[in-house]
Amino acid sequence: MKQLLKEIGHNPLLWGLAFVPMLFAFHWLKPESHTLLFILSVLAVIPLAALLSLATESVAHRTGDAVGGLLNATLGNLTELVIALAALQAGQYMLVKASVAGSIVANTLFMLGASFLLGGLKHHLQEYNRVNARFQAGLLFLATVALLIPSAVGEVDSAAGAAFTQKLSVALAVLLLATYGLGLLFSLKTHRELFAVAEHGEAGDAPLPIGVALGTLACVTVLVALVSEVFVESVQQAALAFGMTPAFVGFIVVALVGGAAEMGSSFSGARRNRLDLSVGIALGSASQIALFVAPVLVLLSYVLGPQPMDLQFWPGAVVMMLIATVAAALVTSSGRSTWFVGVFVLMVYLVFAMTLYLLPPRVH
Amino acid sequence: MKQLLKEIGHNPLLWGLAFVPMLFAFHWLKPESHTLLFILSVLAVIPLAALLSLATESVAHRTGDAVGGLLNATLGNLTELVIALAALQAGQYMLVKASVAGSIVANTLFMLGASFLLGGLKHHLQEYNRVNARFQAGLLFLATVALLIPSAVGEVDSAAGAAFTQKLSVALAVLLLATYGLGLLFSLKTHRELFAVAEHGEAGDAPLPIGVALGTLACVTVLVALVSEVFVESVQQAALAFGMTPAFVGFIVVALVGGAAEMGSSFSGARRNRLDLSVGIALGSASQIALFVAPVLVLLSYVLGPQPMDLQFWPGAVVMMLIATVAAALVTSSGRSTWFVGVFVLMVYLVFAMTLYLLPPRVH
Amino acid sequence: MKQLLKEIGHNPLLWGLAFVPMLFAFHWLKPESHTLLFILSVLAVIPLAALLSLATESVAHRTGDAVGGLLNATLGNLTELVIALAALQAGQYMLVKASVAGSIVANTLFMLGASFLLGGLKHHLQEYNRVNARFQAGLLFLATVALLIPSAVGEVDSAAGAAFTQKLSVALAVLLLATYGLGLLFSLKTHRELFAVAEHGEAGDAPLPIGVALGTLACVTVLVALVSEVFVESVQQAALAFGMTPAFVGFIVVALVGGAAEMGSSFSGARRNRLDLSVGIALGSASQIALFVAPVLVLLSYVLGPQPMDLQFWPGAVVMMLIATVAAALVTSSGRSTWFVGVFVLMVYLVFAMTLYLLPPRVH
């Protein structure tokens, strides 16, 4: 505990934790001032993300980069799952789907690209084990095909079509979950040696003891979930005040803030020349959302939601996921990275962001 | 001959050859009992496929895996050509196209994926020469582009459009055939050393003498063609009885049964750690259908059919062929395989199969 | 100067320079005989291209293949830029876009494929540094995404849509230009050692002195621009006389003639087993058109054109660019080439050319 406080004292980023109680106070006192709550929630999420990243690294220290990356991705996505479940209960399926698709694209392009860029600005040429990148890109490809094929094969609008979409969504959800489970078996058990990581990175900061780290993980995850809830409440109104389109907010802003926790770890890994950790977090988090979070949401919608949710996404979202997957497969096929690879991946993301930012509001 | 009978005595799978005369008897006595004929024809095709695989392996023993794979693919596709010619003469162009597209997808995904899975369950990590895989994937890519571009470039419905589609189909058929011929020249003659295979597999069973093998090949091919004809006759009615959609029957069931012969050899190669043989059969058979069988059918339709057939496929079929090609290119780019690679490829196939199975009948 | 004349005396191709004054004479005397002017301008452009290639090689001798390839691509595209600017001032945006898209596809497929084929017919197996190919393919992929995503994400027809397309086009143009600039910084400055070329090719012919070479470059570029202007004037009418569709003329004929200068250098590099030069010219020229010429045209249209030009291309053109990019990425991923790789790439181009040749005129 003392070590945790010392860490907070040393790291100026963590001073921002003061925004967390401030946010809750304002939320209780002035629930209607959306723009203020939006800004406060963004300010509060960043130090929480930094703390989460610190705790995860302490745990990863004992488990190796591959398991550490998975752990980090899972905890990061836990908050996304929490937010999505709240939206699911409210029946806001459009928001759920936009946040799922947006997170996949943000992790695959922004988080990966920024990691490559930040790492490449410090190190001339970085190498990493491309087996994991190839594996995650394959999983993402499968998920994209599963989202793409129903609308490519049958354009169905009638009542028969709705029943078809619903049955197919459940079947595809089960199939994606099964693949995800088999993928864990493969990467953590039967062929874990393929995912081994070259030991070239610098060690991180002096890590927290394991008990403190696990306790911090649990507390901070809960706090992130609470802050995120305020964020989701306020973001739509605040965005209007800033002149952003709903498509831009759902797909870009929510996804970037929702992924702040993983991004912290991913970027810090890249700076310390441990790109395996960065690639594992960025692509692992994306494939986990596609093959675990989204199917679980479909299945839980039968229990929690006002009506079942399907896996039919807005066509533009499917195209963006497909392009993100192809871009990730392209850049990771060599297992080497430089700053320009990061620029390239970020530029693809920027094309999406600019298009959505300029898109006239009524459309889609 | 005695050795052939001995082989049949040893191999329980070959006892199923008894279903072949049984099928012909029932077809003569009760031509209307479609469901029975459907089941009998499936039961009869499996031992014939096993026998064909045995004979091909005996021939491949003398010719090496590359030529053996080509021989196997060609003989397997001979039956598909025979069936398609019958449907062509009857003017059933929808069935011809569905079976062509379905075979390409089934070979590229199901046969390749199941080979990887079956091989990977026995061997921890399998290696193969990726030059051949890359070569076949390239041919498939070209064929997919040829099927895709006419509908992408010009949406033409009028009479001028029909004439355009017809002329273009003939031109593309000639181009694909020329590429196929040049590909044979390249892989069997000018650059055959690139396709050489590492000698790491186990030898197969004691092979048949070459004369018996060739005789068996000829006879069994004829029998498979006859059985297939009964199968095609009965499958549509039987499928209705089982509640399958026509899309599922044409694209999945017919393609899987039609490919049974090649599958036997492909799977047995994978089990004996000779993945070069499996990849050669699976992708070689797919590219042969795309670049040889389909164009030949277009050209022959001018002689045999009631009217010319074009190369315009149902858009959903083209999308599935494109995805299958990309998936094959992705997984074979490393030249290594494990059980999970097989799972991944099979899952892509399963996404297609489930979608077609659930698709409301009227649509497409 | 004497050396230049000697070179012309030795090289029969350069005797064709006589067509240049002949063309200008006929253009002055008989400006209406389009078919004759078309034939003369094609005949005049070929020796000019050969001379340009000779001069570029002389310069490249001092600068290395990477810079030489860039120089060659830039000078080749200068003529395309000159032609496009003329069309821009005339407000012929359809022609500008067709020539931009056609040049990208012709360079990526025809120039690259013919280089591989010509090189492969002389050398059994050619190797080259795949880093540059991968880099250029990545740039092309980004440009294709930028052209694809606006129409994939929002189908907007209204007045709001037109404003959206216009604003987005400017934003994308700036983004592409920025990426192009960063790409130059990366490949020529920070990571130039990655683009180093193995020294296995034969040296070219005795090069011109640097002063003569630079003077020739300047003069010939101007001549090519003048000849091209006559060519563009006459091609549409001449094409009708030859029975070609406008789509075929804009996309195939203009692009091939416009690229003649680069093709000369690219083919001669391939014959001398310097595939790095060929790949650099072909893909470098394509990516330069996509990331430099096209954005510059969009921005200049605000100054020079009657109204602003956007980046929205005909969907068929975007599909062809996408396929060309994927094909280039596929074949260059191994860094090795044989004659069949050339055949494969040329066949993809032939599919496009045949489709456009047969396309009924009214459509598109």
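The values are calculated or read from the model by the stated rules, or taken from the named source; none is laboratory data. Please read all numbers here as calculations on a predicted model, not as lab measurements. So basically every Cβ, Gly included, is an ideal-geometry build from the backbone, and we count neighbours across all protein chains shown. Just the protein is used for accessible areas: all its heavy atoms, side chains included, with ligands, DNA and RNA removed. Shrake-Rupley method; radii C 1.70, N 1.55, O 1.52, S 1.80 Å.
For the stretch A:1-124, the calculated P(r) over all alpha carbon pairs, in 5 Å bins from 0 to the bin holding the longest distance, is 2, 9, 11, 16, 22, 19, 12, 6, 2, 0, 0 percent.
When you work out D = kT/(6 pi eta Rh) for the stretch A:203-332 at 25 °C and 0.890 mPa s, using the Kirkwood radius from C-alpha pairs as Rh and the Stokes-Einstein form, the result is 140 µm²/s. Rank C:TYR128, C:SER266, A:VAL331 by how far each Cα sits towards the positive end of the charge dipole of the protein assembly as shown (+1 on Lys, Arg Cβ; -1 on Asp, Glu Cβ) and give me just the farthest. Looking along the dipole axis, the top candidate is C:TYR128. Look at the dipole of chain C built from charges on Cβ: of C:ALA255, C:ALA162, C:GLN312, the Cα furthest out on the positive end belongs to C:ALA255.
Note on the protein assembly as shown: with charges restricted to the Cβ of Lys and Arg (+1) and Asp and Glu (-1), its dipole about the Cα centre is near 920 debye. Pairs of Cα atoms nearer than 8 Å and 6+ residues apart set the relative contact order; for chain A it is 39 percent. Within the accessible area of the stretch B:240-317, the carbon and sulfur atoms contribute 69%, probe 1.4 Å, all protein chains present. Here B:LEU36 yields copy-to-copy label distances, from shortest upward, of 8.4, 8.4 nm, the label point defined as 7 Å from Cα along Cα to C-beta. In this structure, the residue pairs whose Cα-Cα separation is over 25 Å, taken from B:LYS189/C:LYS122; C:LYS30/C:LYS97; A:LYS97/A:LYS189; C:LYS97/C:LYS167, are C:LYS30/C:LYS97; A:LYS97/A:LYS189. With label points defined 7 Å past Cα in the direction of Cβ, position C:VAL303 shows copy-to-copy spacings of 6.5, 6.5 nm, given to one decimal and shortest first.
Remark on the protein assembly as shown: hydrodynamic radius 31.3 angstrom, per the Kirkwood mean of 1/r across alpha carbon pairs. Show me the helices of chain B, taken as full DSSP H stretches, that run 20 Å or more along their long axis by Cα and average 1.6 or above in Kyte-Doolittle hydropathy. The qualifying helices are B:210-242, B:315-332, B:339-358.
With a cut-off of 12 Å between beta carbons, the residues surrounding B:ILE83 carry a summed charge of -3, where Lys and Arg count +1 and Asp and Glu -1. Here is the interface size for B with A: some 2700 Å² of accessible area buried, both sides summed, with a 1.4 Å probe. The stretch B:134-149 to the stretch A:79-126: how many Å between their Cα centroids? Using only Cα atoms to place each centre, the spacing works out to 34 Å. By the Cα gyration tensor, chain C has an equivalent ellipsoid whose semi-axes, rounded to whole angstrom, run 30, 26, 20 from largest to smallest. Between C:ALA241, C:ALA255, C:ALA86, the GNM of chain C built on Cα springs shorter than 10 angstrom shows C:ALA241 fluctuating the most. Ordering A:LEU283, A:LEU322, A:LEU297 by the projection of their Cα atoms onto the charge dipole of the stretch A:222-351, which places +1 on the Cβ of Lys and Arg and -1 on the Cβ of Asp and Glu, puts A:LEU283 at the extreme positive end.
Entry note, chain B: the mean residue ellipticity at 222 nm calculated from DSSP H runs of n ≥ 4, each adding -39500 (n - 2.57), is -24000 deg cm²/dmol after division by the residues and rounding to the nearest 500. The chain B residue nearest the rotation axis shared with chain A, using its Cβ and rounding the distance to whole Å, is B:SER333, 4.
Computed from point charges on the beta carbon alone (+1 for Lys and Arg, -1 for Asp and Glu), the dipole magnitude for chain C about its Cα centre is near 320 Debye. Determine the shape class of the stretch A:125-194: with a ≥ b ≥ c the square roots of the Cα gyration tensor eigenvalues, call it rounded for a/c under 1.5, and otherwise prolate if a/b is greater than b/c, oblate otherwise. Note, shape of the stretch A:125-194 comes out oblate.
Computed over protein heavy atoms with a 1.4 Å probe, the accessible surface of the protein assembly as shown works out to 38 Å² per residue.
Shown is the FRET efficiency for A:GLN237 and C:PHE24, computed with R0 = 56 Å from the Cβ-Cβ distance and rounded to the nearest 0.05: 0.25. Inter-copy label distances at C:MET94, shortest first and taken from points set 7 Å along Cα to Cβ: 3.8, 3.8 nm. From the Cα gyration tensor of the stretch C:277-361, with a ≥ b ≥ c the square roots of its eigenvalues, which class applies: rounded if a/c is under 1.5, or else prolate if a/b is larger than b/c, or else oblate? Since a/c reaches 1.5 but b/c is at least a/b, the shape of the stretch C:277-361 is classed as oblate.
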